[in-house]
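Undergrad: Below is one structure. I have some questions about it.
Read-outs: derived from the displayed coordinates by stated rules, not from any lab. Note that the structure is predicted; figures quoted are calculated from it, not measured. Cβ placement follows ideal geometry from the backbone for every residue including glycine, while neighbour counts extend to all protein chains displayed.
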Amino acid sequence: MTEQVMYDVIIVGGGPAGLTAGMYAKRAALNAVLIEKGVPGGQVAITTGVENYPGFKEIGGFELCEKFLEHAKAYDLEIRNTEVVSTEPGIDYHGVTLADGTVLTGHAVILAAGGTSKKLQAKGEDENFGKGVSYCATCDGFFFRNKVVAVIGGGDTALEDALYLAKITEKVYLIHRRDEFRGSRILQQRVFAEPNIEILYSTVVSEIVSDQSGVTGLDLKSTRNDETSHIDVEGVFIFVGFSPNSQLVPAGITINKSGYVVTDEKCETDLPGIFAVGDLRQKYANQIVLAAADGCTAALAAAHYVETRKVVEVEKEEA
Ligand code: NAP
């Protein structure tokens, strides 16, 4: 089924980048729709606390997303809660196919699909998902109150979430494969000062051990001397990075070797009128403030693009 509604801009994804794009698109008087398959907010909605979004010294990730959503809705942004299955580039307009087969058409498309947590690829990881293995401390931390847990990773997410878990669990083992964290200095200092966190540097997980009730421990190996050890834990929180959701990026658009979409300074891809923003786009850092900035840039550039397309259409009709 092809809907008759022709949008100026179709935004795919409802995280900070998509919602900001929606807000700016409506402010530019564009006929815009945002499509989100889950709860708007993206990865930020499952982030513990945010301390680096300007204007908010400290705010919960979910709460910040609610504010983005509320702000976008204040401009009457149309939001459809469904899945996008493909993006079809065109010349006069682009198509976006939804899970029920509906094809929406738009002069411009802003891809804001974000990314997902990477797996550790450890033995026992898949079978214990939801039975002690988690990728979200704010979602699942509560189930491990006063228990011993492990956090795997050495980036900002691992450090932030280890700090969060240290407040509610009995003890957190923070396990990192190198002897130096990748995460920011300020988070490292807080981790070092937290008595409930024991850091295991230069250590990898060789197996997540479990019984019928779920995770019971971790078999570990030193990356320095191959020495093996075991720790008893009831939960393991895995934060080993992030992969961009580039499945909806159509052929003809350059993607770098890590899966991020390459754009110009307007966030426009190789295909005119198709933009990529937020955690999907190749850039120096993945931050909420940068995702929001991308959304703004892409919407302003899309507004200019749509205006140009409409002039071309009028000229064609008059010819
Ligand atoms: P990340 O920065 O890519 O860090 C991933 C960590 O996991 C690294 O320490 C890496 O080790 C480790 N790792 C990767 N694969 C592994 C494996 N197979 N086994 C063991 N360890 C492995 O990912 P992130 O922490 O999710 O952060 C993603 C982005 O979001 C970053 O740009 C980050 O700055 C940003 N972020 C910002 C904030 C904030 O500012 N408040 C909060 C969260 C995230 P190596 O270091 O050895 O590579």
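Undergrad: Would you kindly state how much longer the chain becomes between Ala319 and Lys119 on full extension, computed as 0.36 nm times their sequence separation minus their alpha carbon distance, in nm to one decimal? All intermediate terms of the calculation are to be shown ahead of the outcome.
TA: Numbers: separation 200, 0.36 × 200 = 72.00 nm, distance 5.63 nm.
Here the answer is 66.4 nm.
Undergrad: Taking the chain as the reference, fit the longest principal axis to its C-alpha atoms, fit the long axis of helix 16-27 to the helix C-alpha atoms, and give the angle between the two in degrees, 0 to 90, nearest 10.
TA: 20 degrees
Undergrad: In sequence order, what are the phi-derived ³J(HN,Hα) couplings for region 230-245 according to the Karplus relation 6.51 cos²θ - 1.76 cosθ + 1.60 with θ = phi - 60°, rounded to whole Hz, with x for glycine and proline?
TA: Listing the rounded values in order: 9, 10, 8, 9, 9, x, 9, 9, 9, 9, 10, x, 8, 10, x, 7 Hz.
Undergrad: Quick one: which residues, 5 or more positions from Gly217 or on another chain, have an amide H under 5 Å from its amide H? H modelled 1.01 Å from N in the peptide plane, none for Pro or chain starts.
TA: Here Val209, Val233 satisfy the definition.
Undergrad: What is the distance, in nm, between label points placed 7 Å from the Cα along the Cα-to-Cβ direction at Glu63 and at Val262?
TA: Using points 7 Å along Cα→Cβ, the separation is 4.2 nm.
Undergrad: Only helical DSSP H runs with n ≥ 4 go in: add -39500 (n - 2.57) per run for the chain, normalise by residue count and round the 222 nm mean residue ellipticity to 500 deg cm²/dmol.
TA: About -8000 deg cm²/dmol.
Undergrad: Under 4.7 Å Cβ to Cβ, no partner at all: give me those cysteines from the chain, in residue order.
TA: Cysteines lacking a close Cβ partner in the chain: Cys65, Cys267, Cys296.
Undergrad: On alpha carbon coordinates alone, what is the Rg over Rh value for region 133-238, Rh being the Kirkwood radius? Mind showing how you got there, number by number?
TA: On the way: Rg = 12.8 Å, Rh = 13.6 Å.
Reported Rg/Rh (Cα atoms, Kirkwood Rh): 0.94.
Undergrad: For Gly41, what residues show an amide H to amide H distance below 5 Å, using hydrogens built from the backbone and excluding near sequence neighbours?
TA: Gly14, Gly15
Undergrad: For the residue pair Thr82 and Gln189, what label-to-label distance in nm results when each label sits 7 Å from Cα along the Cα-to-beta-carbon direction?
TA: Each label point is offset 7 Å from its Cα along the Cβ direction, giving 5.1 nm.
Undergrad: Right, another one. What residues qualify as long-range amide H neighbours of Leu200, i.e. H under 5 Å apart, gap of 5 or more or another chain, H built at 1.01 Å from N?
TA: Placed amide hydrogens put Leu174, Ile175, His176 under 5 Å from Leu200.
Undergrad: Report the dimensions of region 50-165 along its three principal axes from the alpha-carbon atoms, largest first, rounded to Å.
TA: 57, 40, 23
Undergrad: Where does helix 288-318 land angle-wise versus the long Cα axis of the chain, in degrees 0 to 90, nearest 10?
TA: Value to nearest ten degrees: 20.
Undergrad: Another one. At q = 0.08, 0.11, 0.12, 0.13 Å⁻¹, what log₁₀ I(q)/I(0) does the chain have when each alpha carbon counts as one equal point scatterer in the Debye sum?
TA: So the normalised log intensities work out to -0.42, -0.73, -0.84, -0.94.
Undergrad: How long are the semi-axes of the equivalent ellipsoid of region 222-319, defined as square roots of 5 times the Cα gyration tensor eigenvalues? Whole Å, largest first. Each step should come with its number before you reach the end.
TA: Details: eigenvalues 386, 39, 24 Å².
Square roots of five times the eigenvalues give 44, 14, 11 Å.
Undergrad: Between 0 and 90 degrees, rounded to the nearest ten: what's the tilt of helix 61-73 against the longest Cα principal axis of the chain?
TA: The angle comes out near 10 degrees.
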